[in-house]
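The values are calculated or read from the model by the stated rules, or taken from the named source; none is laboratory data. Please read all numbers here as calculations on a predicted model, not as lab measurements. When we count neighbours, we look across all protein chains shown, and the Cβ atoms used for this are built from the backbone with ideal geometry, even at glycine.
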Amino acid sequence: MKIYDLIGIGFGPSNIALAIALAEQSKRGHHIDTVFLEKQPHFAWHKDMLLDGADMQISFLKDLATLHNPRSHFTFTNYLFEKGRLQDFINLKTFFPSRHEFNDYLAWAAKQFDHQCAYNEEVIAVTPEHQGNEVSLLRITSHDADGKTQERLSRNLVVSIGGSANIPSTFQAVKDDPRIIHSSQYLGSIAKLTQAKKIAIIGAGQSAVEIFLDLHSRPNAPEVDLIMRGHAMHPSDDSPSVNEIFNVELTDYFYNRSHEERISFLNEFRHTNYAAPDIDQIEQIFNILYTQKVTNCPRHRLFTRHETQQVIAGNTVQLHLMALDKQLKLEQDYDAVILATGYQRNHYTALLQSLTHYLPDFEVDRQYRLSSTPDFKPSIFIQGASEATHGISDTLLSVIATRSHEIGEALASKQRSNVKHLPEHRIIA
Ligand SMILES: Cc1cc2nc3c(=O)[nH]c(=O)nc-3n(C[C@H](O)[C@H](O)[C@H](O)COP(=O)(O)OP(=O)(O)OC[C@H]3O[C@@H](n4cnc5c(N)ncnc54)[C@H](O)[C@@H]3O)c2cc1C
C-alpha cells in the first residue's frame with residue numbers, strides 16, 4: 001500500500017490553506033506527498049448557512065494566503081481578477097464580501113487541488129501501525145458515499161474537521177426529531193418544513209439573528225420567537241483596537257501566557273466572537289419588532305432572560321420555559337425549533353480514540369502538533385481546535401494563512417531531520 005507523507009482529514013479553509021502552503025513549499029524543494037479526505041461530495045463552506053444577505057465577519061484580506069504571502073496566486077484579490085470582477089468589487093467599497101462570494105472563492109481555490117483531494121470520504125478511524133516497539137505509521141480508514149471502506153497509510157496526519165453541533169442537554173433526547181434543527185443544518189432542514197408556522201430560535205449569536213431575518217422574509221411568513229438566556233443581544237466589537245487581538249502575533253503572546261492569564265484573556269474578549277451578532281442585524285430585528293407595534297400586527301416575539309427547561313416532542317414541539325427574573329414557568333408550542341447554540345471543537349479526540357495510549361493529554365505544542373509518547377513517531381497536527389492554548393483566532397479565518405505555513409515548516413523540518421539520520425547510502429538512493 002502506498003505510504004503518504006501526510007493525510008489531511010477535512011478539506012475546509014484550514015486544509016485548503018495548508019495545501020497552498022505545501023504547494024509553495026514544494027516549489028522551494030520540500031515536497032510532501034499529501035492527500036486530503038473530505039466527507040462532502042464537493043467543496044462547500046457551511047452550506048446550510050449560506051443565507052442570502054449574509055456577509056463575511058472578517059476582512060477579505062484575511063483570505064487563504066494574503067497575510068503570509070500577498071503575492072500568492074490564491075489571494076481573494078487574484079480570485080476577483082481571474083473572475084473579471086476586481087473593479088466591480090472595488091466599487092462596492094467594502095472589506096466584507098457576501099458569504100456566497102467567499103464560498104465561491106474557497107471553491108475556486110479548492111478546485112485547483114482536485115488531484116490531491118478525495119471527496120465523499122468520511123474518515124471514521126485512525127489506528128496505529130507498529131514497526132518493532134514503535135508506532136511508525138498511521139492507518140486512516142474512511143467510508144465513501146456507498147459505504148465502501150478505504151484504507152490509507154501515512155507518516156503524518158493533520159486533522160482539520162471544524163466544529164460539530166453543540167446540542168444543549170435539554171434537547172439531547174429529541175435531537176433526532178426532524179423538527180429540532182441545529183443551525184449547521186438550517187437550510188437543508190427548513191426546506192422540508194415549509195408548513196411550519198410557529199418557530200422558536202434558541203440563542204443570541206450571529207446564526208440566531210441571521211436565521212431570524214431569513215425566517216422573517218420567507219413567503220410562508222412564520223411567527224418566530226427568539227429565545228435567549230441573557231438580558232440582550234451584544235453586538236460584536238470589531239473596533240480597530242479590539243481587532244488587534246486577531247493579529248497573527250497574538251498567537252505567540254497568548255501561547256506564552258499562564259493558564260489563568262489565557263482564561264482571563266478569553267473571558268475579556270468573548271464578545272468578539274461568541275454570542276456577538278453584527279450591530280446592523282440587531283438593528284434590523286428591532287426595526288421589525290417596532291414596526292409590529294406601530295401596525296399592531298404582532299408576529300414575532302423576543303424572550304430575553306428565558307431558559308428552556310424541558311422539551312416534549314409530540315404533535316407539536318413543546319418548550320417548557322422558565323422566565324428567569326420572575327421565576328415563572330410557561331409552555332409554548334412550536335412546529336420547529338432552531339438551535340443556534342454554537343459548536344464544539346473536541347470531536348477530533350473521538351476520531352483519534354485508538355491512539356489515546358500514545359497521546360496522553362491531547363495537548364498541542366506551538367506548531368499545533370499533539371504531544372505524544374516517545375515510541376510514537378507520526379506527527380499529528382490539529383487545526384481549529386486550540387483556542388484554549390493559541391487564542392481566539394484559532395477557530396476563525398484570521399490565522400489560517402500563517403498557521404498553515406507553520407505546520408508546513410514543521411513537516412519540512414521533520415523530513416529534513418529524518419533524512420539527516422538515514423545511513424549515507426540511503427540518502428544517495
Ligand atoms: C455559518 C458560519 C459562518 C462563519 N463565518 C466566519 C467569518 O465570517 N469569518 C471567520 O473568520 N470565521 C467564520 N466562521 C468560522 C469558521 O470556523 C471558519 O470560517 C472556517 O470554516 C474554519 O475552517 P476549517 O477548515 O477549520 O473548518 P470547516 O470549515 O468546518 O471545515 C471542516 C471540513 O472537514 C470536513 N470533515 C469533518 N469531519 C470529517 C471527517 N470525519 N472526514 C472527512 N471530512 C470531514 C467537513 O465536511 C468540512 O468540509 C464561520 C462559521 C460558521 C459556522
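Worth pointing out:
- Taking (1) surrounded by fewer than 16 Cβ atoms within 10 Å (Cβ to Cβ); (2) of a type outside the set (A, V, I, L, M, F, W, C); (3) assigned to a helix (DSSP H, G or I) in turn, Asn103 satisfies each apart from (1).
- Total residues in the range 145-162, condition in contact with a strand residue (DSSP E or B) (Cβ under 8 Å, 6 or more places away or on another chain) and more than 24 Å from Leu22 (Cβ to Cβ): 1
- Some residue of the range 104-112 being in the same structural domain as Val399 (by TED's automatic domain parsing), under 26 Å from Glu406 (Cβ atoms) and within 11 Å of the ligand (Cβ to nearest atom): yes
- The range 53-89, subset polar (S, T, N, Q) and at pLDDT 95 or above, residue nearest to the ligand (Cβ to nearest atom): Ser59
- Subset of the range 126-140 [surrounded by fewer than 17 Cβ atoms within 10 Å (Cβ to Cβ) and either under 22 Å from the mean Cα position of the chain (by Cα) or of a type in the set (Ser, Thr, Tyr) (or both)]: Thr127, Ser136
- When residues of the range 1-52 are limited to those that are more than 14 Å from the ligand (Cβ to nearest atom) and among the hydroxyl-bearing types (Ser, Thr, Tyr), the one surrounded by the most Cβ atoms within 10 Å (Cβ to Cβ): Thr34
- Ile211 being within 16 Å of the ligand (Cβ to nearest atom), buried (at least 21 other Cβ atoms within 10 Å of the Cβ) and under 14 Å from Gln284 (Cα atoms): yes
- Search result, residues across the range 21-46 that are in contact with a helix residue (DSSP H, G or I) (Cβ under 7 Å, 6 or more places away or on another chain), of a type outside the set (Gly, Ala, Ser) and assigned to a helix (DSSP H, G or I): Leu22, Gln25
- Subset of the range 185-202 (residues that are crowded, with 23+ Cβ neighbours inside 10 Å and under 18 Å from the mean Cα position of the chain (by Cα)): Tyr186
- Output for the range 354-401, where each listed residue is of a type in the set (Gly, Ala, Ser), more than 16 Å from the ligand (Cβ to nearest atom), assigned to a loop (DSSP other than H, G, I, E, B) and in contact (Cβ under 8 Å) with a residue 60 or more places away in the chain: none
- Residue match in the range 341-362 (condition: among the acidic types (Asp, Glu) and either surrounded by 12 or more Cβ atoms within 10 Å (Cβ to Cβ) or under 30 Å from Asp237 (Cα atoms) (or both)): no
- Scan the range 137-149 for residues that are within 18 Å of Leu6 (Cβ to Cβ) and in contact with an Asp or Glu (Cβ under 6 Å, 6 or more places away or on another chain) and the total you get is 4.
- The residues listed here are Gly163, Gly203; of these, the one that is on the phi > 0 side of the Ramachandran plot and either more than 14 Å from the ligand (Cβ to nearest atom) or in contact (Cβ under 8 Å) with a residue 40 or more places away in the chain (or both) is Gly203.
- Cβ-Cβ under 7 Å pairs, at least 6 apart or on other chains, the range 105-122 side touching a residue at least 24 places away in the same chain (Cβ under 8 Å) and under 14 Å from Glu82 (Cβ atoms), far side of a type in the set (Phe, Trp, Tyr) and assigned to a helix (DSSP H, G or I): Tyr105/Phe76; Tyr105/Tyr79; Trp108/Tyr79
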